[in-house]
Amino acid sequence: MGKDLVKVGLVGTGTIGGSVVELLKRNGSSINEKIDFKIALGRVADRDVTRLQALKLDKSMLTTEANDVLEDPDIDIVIELIGGLEPARSFITKALENGKYVVTANKDLMATHGEELLALASENNRNIFYEASVGGGIPLIRPLKYSLVADRIQRLVGIVNGTTNYIFTRMAQDELSLEDALSEAQKFGFAEPDPTNDVEGLDAAYKLVIMASLAFGKKADLENISVQGIREVTYEDIVYAREIGCTIKLLAIGEDLPGGLALRVHPTLVPLEHPLSSVLNELNAVFVEAEAVREVMFYGPGAGPLPTATAVLADVVEAARCIRFEVANGVVESKLKETEFVPIDDLKVRFYLRFLAEDRAGIFAALANAFSDEGVSLDMITQKRRVGSMAEIVLVTHEVNEKAFHSALNKVMDTSAIKPEPSIIRLLS
Ligand code: HSE
């Protein structure tokens with residue numbers, strides 16, 4: 001049996017770090033009762049003295065130097081909550097080399113350098129736990145790593161970005177434009193002052209890299225993901241989607257296909273009968289389809305200081321159990337298989353399309369014929385508002401190969417009757 005007092009060091013006391021300290025103060029003794037040994041905070045580092053003082057901890061525990069935590073021989077577990085690639089990567093490297101377990105919420109780092117850091121952890125007989133890096137307070141990493149390990153996951157479909165989900169919910173419920181919904185999200189703290197990574201889909205892509213590696217046991221990088229953000233989606237799209245029984249969500253989709261992994265992030269029309277359609281506001285959910293279990297969904301707060309702090313502390317407990325029960329590093333997922341990737345062009349999907357066309361007799365027939373000549377079968381075509389002298393047309397295709405669809409679209413759009421730049425959104429099927 002290993003030591004019965006496990007000491008934890010914290011680097012970074014921003015909103016999540018502050019909540020980790022708060023939750024540990026609040027629930028520390030009940031955690032210790034449950035696990036039947038002791039976890040205690042040892043040292044806390046932050047460059048910002050005001051933030052350190054606000055934690056109301058014993059002064060002897062506080063330092064402005066991360067190295068004081070990373071090199072403290074009494075510290076067993078280092079929680080890294082500074083975010084970003086550097087110096088987080090160097091700090092984690094040093095912590096592992098100094099024989100410490102690491103807990104992090106850093107999705108950018110785990111998506112970019114996770115494999116290398118996990119290998120280093122393994123070499124040092126230690127481990128990195130990163131439940132809080134995806135889905136905030138939703139148990140997601142642990143179910144993918146342990147609970148579903150006996151199954152073969154075929155597809156995971158996730159709403160993993162709270163900012164964009166909040167924006168789409170406000171657009172639908174309050175009849176707002178995307179810009180107004182984004183401003184509201186910023187006003188209420190659901191979007192960062194610079195929401196570029198959220199709106200452009202990069203945040204979801206990072207999370208998809210992490211989830212896909214665990215779900216499929218295969219190596220994936222950001223560059224293997226086709227990423228499209230939400231900027232082009234309008235209020236009209238939300239309304240027309242609703243008319244055909246769908247809602248719009250930014251989805252991260254990972255599929256294990258015979259030809260390899262297909263990974264994509266894009267705005268998607270989700271049928272109202274699909275459980276993901278009822279995930280509103282800043283909440284997140286991941287829907288997993290697997291051979292034996294068939295379907296499971298993980299749902300909850302994908303961000304927020306206290307929910308994320310619960311995930312961080314659960315990881316601390318897992319690391320502490322490794323120490324207490326001397327199991328070295330538990331499960332280290334560094335042996336990911338190389339895989340091929342199926343480009344989005346090779347996938348078959350259904351498309352929703354909205355564009356303006358001349359409002360004259362025969363235009364529907366001409367459009368339907370033009371698509372049909374290119375092998376694209378339409379499921380629905382309808383005329384909406386008049387915009388100046390043009391008619392707004394919405395159509396939905398049957399399932400079609402992505403590349404064939406775009407080549408057909410180029411030809412169809414290449415007529416003088418149609419204004420370019422259609423709004424194109426894929427459907428979830
Ligand atoms: N910015 C993220 C989101 C939260 O909006 O979901 C942190 O991952």
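The values are calculated or read from the model by the stated rules, or taken from the named source; none is laboratory data. Nothing here was measured: the structure is a model prediction, and the numbers come from that model. No Cβ is skipped: glycine too gets one built from the backbone with ideal geometry, and neighbour counts run over all protein chains shown. Quick note on the areas: whole protein, heavy atoms, side chains included, nothing else; ligands and nucleic acids left out. Shrake-Rupley method; radii C 1.70, N 1.55, O 1.52, S 1.80 Å.
If you stretched the chain out fully between Asn98 and Asp194, how much longer would it get, using 0.36 nm times the residue separation minus the C-alpha to C-alpha distance? Show your work: numbers first, answer last.
Numbers: separation 96, 0.36 × 96 = 34.56 nm, distance 3.56 nm.
So the chain would gain 31.0 nm between Asn98 and Asp194.
Residue-wise, which Karplus ³J(HN,Hα) couplings in Hz belong to region 311-327, taking 6.51 cos²θ - 1.76 cosθ + 1.60, θ = phi - 60°, and x for glycine or proline?
3J(HN,Hα) across region 311-327, in whole Hz: 5, 4, 5, 5, 5, 4, 5, 5, 5, 5, 5, 4, 5, 4, 9, 6, 9.
Starting from the Cα-Cα distance between Glu374 and Ala40, subtract it from 0.36 nm times their residue separation and give me the gain in nm to one decimal.
Working: separation 334, 0.36 × 334 = 120.24 nm, distance 6.64 nm.
Value of the extension gain: 113.6 nm.
Compare the peptides 240-248, 208-216 by average per-residue count of other Cβ atoms within 10 angstrom and give them in order, highest first. Before the final figure, lay out each step's value.
On the way: 240-248: 18.8, 208-216: 25.6.
Ranking, from highest mean packing down: 208-216, 240-248.
Could you list which residues have their amide H under 5 Å from that of Gln228, counting only those 5 or more apart in sequence or on another chain, with H placed in the peptide plane?
Val265, His266
Please report the spacing between the Cα centers of region 287-310 and region 69-108 in Å, no decimals.
26
Would you mind checking the tilt of helix 178-187 against the longest principal axis of the Cα atoms of the chain, expressed as 0 to 90 degrees and rounded to 10?
It works out to around 20 degrees.
Taking Cα atoms, how many degrees apart are the long axis of helix 88-97 and the longest axis of the chain, rounded to 10 and kept between 0 and 90?
40
So how exposed is Thr64, as accessible area in Å² (1.4 Å probe, rounded to 10)?
Rounded to the nearest 10, that gives 60 Å².
Ranked by accessible surface with a 1.4 Å probe, highest first, in what order do Leu336, Leu313 come? Kindly include the intermediate steps, with their values, before the conclusion.
Details: Leu336 40, Leu313 10 Å².
So, going from the largest accessible area down, we get Leu336, Leu313.
Round to a whole number: what % of the accessible area of region 299-428 belongs to carbon and sulfur, probe 1.4 Å? If you can, show how the numbers build up before the last one.
Values: 3260 of 6270 Å².
Carbon with sulfur: 52 percent of the solvent-accessible area.
Please build a GNM for the chain, connecting alpha carbons under 10 Å apart, and tell me which residue among Val296, Val199, Val69 fluctuates the most.
For the chain, modelled as a Gaussian network with Cα springs under 10 Å, the answer is Val296.
How far is it, in nm, from the label point at Val387 to the one at Glu22 when both lie 7 Å from their Cα along the line to the Cβ?
4.5
Measure off, as a whole percent, the carbon and sulfur share of the 1.4 Å-probe accessible area of region 183-241, all protein chains present. It would help to have the intermediate numbers written out before the result.
Details: 1150 of 2500 Å².
The value for region 183-241 is 46 percent carbon and sulfur by accessible area.
Students often forget the sequence filter, so: which lysines lie under 25 Å Cα-Cα from Lys403 once same-chain residues fewer than 8 apart are removed?
Result set, ordered by chain and number: Lys249, Lys348, Lys411, Lys419.
When Lys and Arg each count +1 and Asp and Glu each count -1, what net charge do the other residues less than 13 Å away from Asp379, Cβ to Cβ, add up to? Each step should come with its number before you reach the end.
Working: positive: Arg350; negative: Glu399.
Net charge around Asp379: 0.
When Lys and Arg each count +1 and Asp and Glu each count -1, what net charge do the other residues less than 10 Å away from Ala314, Cβ to Cβ, add up to?
On the way: positive: Arg142; negative: Glu131, Asp315, Glu318.
After counting each charged neighbour, the total is -2.
Provide the percentage of antiparallel DSSP beta bridges, counting only those with both residues in the chain; round to the nearest 5.
Values: 52 of 78 bridges.
The antiparallel fraction comes to roughly 65 percent.
What list of ³J(HN,Hα) values in whole Hz, one per residue of region 365-382 in order, does the Karplus curve 6.51 cos²θ - 1.76 cosθ + 1.60 (θ = phi - 60°) give from phi, with Gly and Pro shown as x?
With the stated coefficients, region 365-382 comes to 4, 4, 5, 4, 5, 4, 5, 4, 4, 9, x, 9, 9, 8, 8, 7, 9, 8 Hz.
Pick from Asn127, Asn165, Asn410: which is most flexible by mean-square fluctuation in a GNM of the chain where alpha carbon atoms under 10 Å apart are linked?
Asn410
Which shape class, rounded, prolate or oblate, goes with region 172-265 when its Cα gyration tensor gives a ≥ b ≥ c as root eigenvalues, a/c under 1.5 marks rounded, and past that a/b bigger than b/c marks prolate? Mind showing how you got there, number by number?
Numbers: a/c = 2.99, a/b = 1.62, b/c = 1.84.
It comes out oblate by the Cα gyration axes.
With 20 Å bins from zero, work out the P(r) of the chain over every alpha carbon pair and list the percent per bin.
25, 50, 21, 5, 0
Could you name the lysines in cross-link range of Lys7, using Cα to Cα under 25 Å and dropping any fewer than eight places away on the same chain?
Those lysines meeting the cut-off are Lys25, Lys34, Lys38, Lys56, Lys59, Lys94, Lys100, Lys107.
Subtract the Cα-Cα distance of Ser278 and Glu421 from 0.36 nm times their separation in residues, and report this length gain in nm to one decimal. Intermediate results must be reported in sequence, preceding the final value.
On the way: separation 143, 0.36 × 143 = 51.48 nm, distance 3.00 nm.
Separation in residues times 0.36 nm, less the Cα-Cα distance, equals 48.5 nm.
Give the long-range amide H neighbours of Asn161: residues separated by 5 or more places, or on another chain, with amide H under 5 Å away, using H modelled in the peptide plane at 1.01 Å from N.
none
Defining a contact as two alpha carbons under 8 Å apart and six or more residues distant in sequence, what relative contact order in percent does the chain show? All intermediate terms of the calculation are to be shown ahead of the outcome.
On the way: 887 pairs, mean separation 72.1, N = 429.
This gives 17 percent for the chain.
Of the residues Gly18, Gly201, Gly260, which exhibits the maximal mean-square fluctuation in a Gaussian network model of the chain defined by a 10 Å Cα contact cut-off?
With Cα springs under 10 Å in the chain, the top fluctuation among Gly18, Gly201, Gly260 is at Gly260.
How much net charge surrounds Gly14 when only the other residues with a Cβ under 13 Å from the Cβ of Gly14 are counted, with Lys and Arg +1 and Asp and Glu -1? Write out the running numbers ahead of the final one.
Details: positive: Arg47, Arg51; negative: Glu22, Asp46, Asp48, Glu80, Glu192.
Computed value for this residue: -3.
Divide by every residue of the chain the summed helix terms, -39500 (n - 2.57) for each DSSP H run of at least 4, and state the resulting mean residue ellipticity at 222 nm, rounded to the nearest 500 deg cm²/dmol. The partial results should precede the final answer.
Numbers: 13 runs with 153 residues, N = 429.
Rounded to the nearest 500, the figure is -11000 deg cm²/dmol.
From the phi angles alone, apply the Karplus equation (6.51, -1.76, 1.60; θ = phi - 60°) to region 126-134 and give each ³J(HN,Hα) in whole Hz, x where the residue is Gly or Pro.
So the Karplus estimates, Gly and Pro as x, are 10, 8, 10, 10, 9, 4, 6, 6, 10 Hz.
Under a 1.4 Å probe, what is the accessible area of the chain per residue, stated in Å²? Could you put the intermediate results ahead of the total?
Working: 18690 Å² over 429 residues.
For the chain, the per-residue accessible area is 44 Å².
Whenever you get a sec, compute what percent of the accessible area on region 1-66 sits on carbon and sulfur atoms (1.4 Å probe).
Exposed carbon and sulfur together represent 49 percent of the surface.
Using modelled backbone amide H atoms (1.01 Å from N, in-plane), which distant-in-sequence or interchain residues come within less than 5 Å of Asn284's amide H?
For Asn284, whose amide H was placed from the backbone, the distant partners under 5 Å are Gly300, Gly302.
Ser429: accessible area at probe 1.4 Å, nearest 10 Å²?
Per-residue accessible area (Ser429): approximately 80 Å².
For the Cα atoms of the chain, what angle does the longest principal axis make with the long axis of helix 402-413, in degrees from 0 to 90, nearest 10?
Here the helix axis deviates by roughly 40 degrees.
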